[in-house]
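Take a look at the structure below.
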Amino acid sequence: MSRVRRALLVVGDVVTDVVARHRAPLAPATDTAAEIRTLPGGAGANAACWAVRSGAGEVRLLGRVGREAADWHERALRATGVRPLLVRDAEAATATVIALVDASAERTFLTDSGAALRLSPADWSPELLDGVARLHLSGYLFFADPSRETARRALRDATGAGIAVSVDPASAGFLTALGVDRFLAAVEGAEVLLPNADEARVLTGCSEPERAAAELSRRFPLVVVTLGAAGALVAEGGAVAARVAAPPVRPVDSTGAGDAFTGAFLAARLAGADPVKAAEAGCRAGTEAVTVVGGRPPVRPAAGRSAS
């Protein structure tokens, strides 16, 4: 393996998002007016894009997609500066999420995981860690047998090579369905856990985010619990070390805000920031994310950056 480690490798989901923004409450059995857009998304892919947006020099993304949308997703990722390492699935379609976004910018997801959770151990190789300084695993991978085994192998290989690993638990609903004990056993060895408040509550049974963050930090060296507009909690060694505020903003769509936090947090850590400074960077990115529709940052000129 390369002795110089600078890259961030994200292993996770690549998704086609159908974002439907509706001002009025949903009207059962009839029409509800909405603004609808089809956009590239996925927690893992979004985090990778926001990491580039936040200054990470080299970001790679391993994920599995259906053949029907593979070219579109590759182009979208390259446009943001991410190096795509996409496995094309001949049998399953690309994962699709319908995001219903109400007038308060809160979203509800309908999820078809498709090819995303078919990422298999055969798609993984320790050579993918060459030049990698940090590995990030999307929690969605842990909710199906093939992708869970793949994520476990990646985590084991990375920790064995001295590479820091972070995990985003991804979904309170899926965590409940899988079982907390199974999830925690699967992510054992990760250095950083990045749950939101609901996920932290499910993982610990603690209703207060502060207590949940402290409890989780007894299992993981660093825990950062995101609180939406209220910012984030940084916990280490069984105690909350800091509470970070989020800049005030008028939200448009909260889809991908947590992914933006993750990407910016990891970019800051790669640049040498301490956990609190990294959480501040995450809050700034999350604030920016809720001002745009969809889970990705707006595409900017690459300014000489190559994703090849």
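The values are calculated or read from the model by the stated rules, or taken from the named source; none is laboratory data. Computed from a prediction, not measured in an experiment: that's the story for all the values here. When we count neighbours, we look across all protein chains shown, and the Cβ atoms used for this are built from the backbone with ideal geometry, even at glycine. All accessible areas refer to the heavy atoms of the entire protein, side chains included, with ligands and DNA or RNA removed. Shrake-Rupley method; radii C 1.70, N 1.55, O 1.52, S 1.80 Å.
Surrounded by fewer than 17 Cβ atoms within 10 Å (Cβ to Cβ), closer than 25 Å to residue 94 by Cβ and either in contact with a Lys or Arg (Cβ under 7 Å, 6 or more places away or on another chain) or without any contact (Cβ under 8 Å) to a residue 24 or more places away in the chain (or both), is that true of residue 110? Outline the logic, then answer.
On the way: surrounded by fewer than 17 Cβ atoms within 10 Å (Cβ to Cβ): yes; closer than 25 Å to residue 94 by Cβ: yes; either in contact with a Lys or Arg (Cβ under 7 Å, 6 or more places away or on another chain) or without any contact (Cβ under 8 Å) to a residue 24 or more places away in the chain (or both): yes.
Criteria met by residue 110.
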Check: Quick one: what pairs do we get from the range 273-291, first residue among the β-branched types (Val, Ile, Thr), second assigned to a helix (DSSP H, G or I), C-beta under 9 Å, 6+ apart or different chains?
Finding: 287/229; 287/257; 287/260; 290/228; 290/229; 290/257; 290/260
Checklist line | Residue, modelled with the lowest pLDDT, within the range 9-24, restricted to residues that are farther than 17 Å from residue 39 by Cα and hydrophobic (A, V, I, L, M, F, W, C) | finding: 24
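Assess whether residue 104 counts as being open to solvent by 30 Å² or more (accessible area, probe 1.4 Å) and modelled with pLDDT under 95.
Values: open to solvent by 30 Å² or more (accessible area, probe 1.4 Å): yes; modelled with pLDDT under 95: yes.
Yes: the conditions hold for residue 104.
In this structure, does residue 197 turn out to be among the hydrophobic types (A, V, I, L, M, F, W, C), more than 18 Å from residue 134 (Cβ to Cβ) and open to solvent by 10 Å² or more (accessible area, probe 1.4 Å)? Before you say what the answer is, go through the steps one by one.
On the way: among the hydrophobic types (A, V, I, L, M, F, W, C): yes; more than 18 Å from residue 134 (Cβ to Cβ): yes; open to solvent by 10 Å² or more (accessible area, probe 1.4 Å): yes.
Answer is yes for this residue.
Take residue 176 and tell me if it is β-branched (Val, Ile, Thr), closer than 26 Å to residue 110 by Cα and open to solvent by 20 Å² or more (accessible area, probe 1.4 Å). Can you show your working first?
Details: β-branched (Val, Ile, Thr): yes; closer than 26 Å to residue 110 by Cα: yes; open to solvent by 20 Å² or more (accessible area, probe 1.4 Å): yes.
Here the answer is yes, as residue 176 does meet what is asked.
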Item checked: Filter result for the condition that a residue is over 25 Å from residue 121 (Cβ atoms), open to solvent by 10 Å² or more (accessible area, probe 1.4 Å), hydroxyl-bearing (Ser, Thr, Tyr) and over 18 Å from the mean Cα position of the chain (by Cα), over 80, 32 -> 32
Next item on the list: Note down all Cβ pairs under 9 Å where the first residue falls in the range 176-192 and is assigned to a loop (DSSP other than H, G, I, E, B), the second is acidic (Asp, Glu) and open to solvent by 90 Å² or more (accessible area, probe 1.4 Å), and they're at least six residues apart or on different chains.
Entry: none
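On the given criteria, is residue 9 farther than 21 Å from residue 298 by Cβ and open to solvent by less than 10 Å² (accessible area, probe 1.4 Å)?
On the way: farther than 21 Å from residue 298 by Cβ: yes; open to solvent by less than 10 Å² (accessible area, probe 1.4 Å): yes.
Judged against the criteria, residue 9 is a match.
Could you run through the range 152-173 and say how many residues are over 14 Å from the mean Cα position of the chain (by Cα) and either in a helix (DSSP H, G or I) or surrounded by fewer than 17 Cβ atoms within 10 Å (Cβ to Cβ) (or both)?
Initial filter on the range 152-173 (over 14 Å from the mean Cα position of the chain (by Cα)): 152-164, 173.
With either in a helix (DSSP H, G or I) or surrounded by fewer than 17 Cβ atoms within 10 Å (Cβ to Cβ) (or both) added as a condition, the list becomes 152-162, 173.
Adding up the residues that qualify gives 12.
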Note to self: Looking at 290, 249, 276, can you tell me which residue is out of contact with any Gly (no Cβ under 9 Å at 6 or more places or on another chain) and open to solvent by less than 60 Å² (accessible area, probe 1.4 Å)?
What the structure shows: 276
